[in-house]
Amino acid sequence: MTHELQVPEGFKHYSGVSPAEDNVGPFYYRKDSDGLRVGFRVGAKHCNGMGALHGGVLLCFGDYAATMFTLSGVKENCLTISFNADFMAGVKDGEWLEATGEVVKRTGSLSFVRGQLHVEDRQVLVFQAVMRRLKKPD
């Protein structure tokens, strides 16, 4: 089994909803007593010419995480209004990257989210996002 296929126990692949994320990922999620965790195994297809996770893939995963945190526990859709991120460290091929975060506030039409991406205890990226809340079609 290659490292690209090794996913920590309990993580599930959420596929078929967004073809772009299925193509970039695959991304995974797990709900536990600490809340929602989102993760993915970095593979060669995710890396830049220096062998590190490409910044665009890192941002895509951060946006996916912000979406998952926004939708956790609610029956609605959302789209990203803004996404601000600070890069803190690189990620290597083969590493398991996780996101943790929270919805700071919900209004009638917006959710304000903050989170971080990390490899074990190494903080990789911190983000803040504003998400537009949308009702699911009947």
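Points worth noting:
- Neighbours by Cβ (under 6 Å, 6+ apart or cross-chain): first from the stretch 117-131, polar (S, T, N, Q); second in a strand (DSSP E or B): GLN123/GLN116; GLN128/ASN84; GLN128/ARG114
- Within the stretch 9-46, considering residues that are part of a strand (DSSP E or B) and surrounded by 18 or more Cβ atoms within 10 Å (Cβ to Cβ), the one modelled with the lowest pLDDT: TYR29
- The stretch 52-79, residues that are of a type in the set (Gly, Ala, Ser) and either over 16 Å from VAL124 (Cα atoms) or under 16 Å from the mean Cα position of the chain (by Cα) (or both): GLY55, GLY56, GLY62, ALA65, ALA66, SER72, GLY73
- Residues satisfying the stated conditions in the stretch 62-85, i.e. surrounded by fewer than 22 Cβ atoms within 10 Å (Cβ to Cβ), modelled with pLDDT of 85 or more and small (Gly, Ala, Ser): SER82, ALA85
The values are calculated or read from the model by the stated rules, or taken from the named source; none is laboratory data. The model shown is predicted, which means the values in this text are computed figures rather than measured ones. A quick note on method: Cβ atoms are made from the backbone with ideal geometry, for glycine too, and the neighbour counts reach across all protein chains shown.
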